[in-house]
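Take a look at the structure below.
The values are calculated or read from the model by the stated rules, or taken from the named source; none is laboratory data. Everything quoted here is computed from the prediction, not taken from an experiment. Note that we place each Cβ from the backbone using ideal geometry, even for glycine, and neighbour counts take in every protein chain shown.
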Amino acid sequence: MSHRILLLPGDGIGAEVLEAGRHVLDQLALARGLSINYETGLIGGAAIDDMGEPLPADVLEAARRADAVLLGAVGGPKWHDLPGNKRPEVGLLALRSALGVYANLRPIIVRPGAVDRSPVKAEIASGTDILFVRELTGGLYFGDKGTEGDSAYDICRYSRHEIERVVRMAAIAARQRRGKLSLVDKANVMETSRLWRAVTQEIISRDFPDIELEILLVDAATMHLITRPRDFDVIVTENLFGDILTDEASVLTGSIGLIPSASLGASGAGLYEPVHGSAPDIAGQGKANPIGMIESIAMMLDHSLGLPTEAKALRAAIGAAMAQCVTVDLGGTASTMDMARAIADQLDRALALA
Ligand SMILES: NC(=O)c1ccc[n+]([C@@H]2O[C@H](COP(=O)([O-])OP(=O)(O)OC[C@H]3O[C@@H](n4cnc5c(N)ncnc54)[C@H](O)[C@@H]3O)[C@@H](O)[C@H]2O)c1
Ligand SMILES: CC(C)[C@H](C(=O)O)[C@@H](O)C(=O)O
Ligand SMILES: [Mg+2]
């Protein structure tokens, strides 16, 4: 069986980390005799420059045909002055929406051997293992938006259905982990948050009575994340809060360059991308940490390609390589491709043990 993967490098360091990921995936395919059929497409600023739009129709078609989409990052200063609906980021949002990938899984794990990379005290950061389930296709990102004279508006709207499906996915994940779900909202102010809270309480008490539900307001949650990260298991939250909280939580690990994501829907292709952006400040210098991308590939092996043993081996190879090779964001000197090669070098051993 051949796996169909669409590669979307995008902009800035997106292409660099995707090249590194491809290097590791090719090595894995060779070691395991996997057949992978790659297509490559343009998205974001690169697509605007070449085709005049951030998500060309043929790229969306290729995404729909694929088993999985691997995306680098989009955006950059070159396109900042375009109108809101023509920016590179619109291509990414349109892709998420068209694929129906409503649940964005973002694991934040402080590996035992990497606690000293965290700027947070070791006794607080160690043992952190949080799975964020961020709602990805609703809320403020997709509501009506516009300008009226001197004013501007973005509408935040959520339906019961949109909340229910993502909360269910988060609760199922919690059941497979440590059995705790934290809902982060702003129900003291926002009507949408009050609906999130009511729907979540109803689903958990009716269908997941074995799950412990904790509810936090988002402002306080930003503190609890940094002061007691080990207390969290699965965190479910709306689109915008999930965007902000996962960048914050990445700090616990030492670098946003380490954090992967998987975006899943009811069916069809999964979308896999590191949580970071195009990092214009380091683009073109070989300094980007590719681990967020390579961990995203491990999530793809699990969720879209049905290869859990290979996923486990890849994670083990990443752990072993991190002990020897340190990228610039974590205080070392290894380049993006040095890190990719170090991980690829560990693969055979990790596969033999997996
Ligand atoms: N998924 C995406 O495509 C995505 C995500 C976030 C931001 N963006 C876009 O990226 C552009 C830049 O945004 P930003 O600067 O706010 O966020 P960013 O995530 O690109 O960078 C923030 C900081 O983290 C560093 N960083 C990010 N990834 C890194 C990596 N892999 N290794 C080492 N260091 C890394 C950068 O050098 C920078 O200092 C914007 O146009 C934004 O819209 C895209
Ligand atoms: C680029 C932007 C649209 C995107 C988001 O806000 O979802 C990014 O910040 C992310 O976290 O994937
Ligand atoms: Mg973000």
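A few comments on the model shown:
- Which numbered condition residue 284 fails, given (1) outside any helix (DSSP H, G or I); (2) more than 27 Å from residue 120 (Cβ to Cβ); (3) under 22 Å from the mean Cα position of the chain (by Cα): (3)
- Considering 207, 185, 219, the condition of being over 26 Å from residue 250 (Cβ atoms) and among the acidic types (Asp, Glu) is satisfied by 207 alone.
- Of the candidates 275, 218, the single residue that is under 22 Å from residue 125 (Cα atoms) and either in contact with a Phe, Trp or Tyr (Cβ under 8 Å, 6 or more places away or on another chain) or among the polar types (S, T, N, Q) (or both) is 218.
- Selection count where residues are surrounded by fewer than 13 Cβ atoms within 10 Å (Cβ to Cβ), in a helix (DSSP H, G or I) and not small (Gly, Ala, Ser), scope the range 176-206: 3
- When residues of the range 211-229 are limited to those that are within 20 Å of the chain's Cα centre (by Cα) and not aliphatic (A, V, I, L, M), the one surrounded by the most Cβ atoms within 10 Å (Cβ to Cβ): 229
- Among residues of the range 88-102 that are over 15 Å from residue 139 (Cβ atoms), those with a beta-carbon under 7 Å from a residue that is in a helix (DSSP H, G or I) and away from ligand 1 (no atom under 14 Å from the Cβ) at least six positions away or on a different chain give the pairs 95/60; 95/63; 98/60; 99/63.
- Among residues of the range 218-238 that are without any contact (Cβ under 8 Å) to a residue 24 or more places away in the chain, none has a Cβ under 6 angstrom from a residue that is surrounded by fewer than 15 Cβ atoms within 10 Å (Cβ to Cβ) at a sequence gap of 6+ or on a separate chain.
- Taken over the range 154-170, the criterion of being surrounded by fewer than 14 Cβ atoms within 10 Å (Cβ to Cβ) and small (Gly, Ala, Ser) is satisfied by 159 alone.
- Counting only residues that are more than 22 Å from residue 315 (Cα to Cα) and either in contact (Cβ under 8 Å) with a residue 40 or more places away in the chain or outside any helix (DSSP H, G or I) (or both), the range 248-268 holds 4 of them.
- Filter result for the condition that a residue is closer than 17 Å to residue 255 by Cα, modelled with pLDDT of 95 or more and within 19 Å of the chain's Cα centre (by Cα), over 322, 300, 293: 293
- Filtered residue count, the range 85-127, keeping only those that are more than 12 Å from ligand 1 (Cβ to nearest atom) and touching a Lys or Arg at 6+ places or on another chain (Cβ under 7 Å): 2
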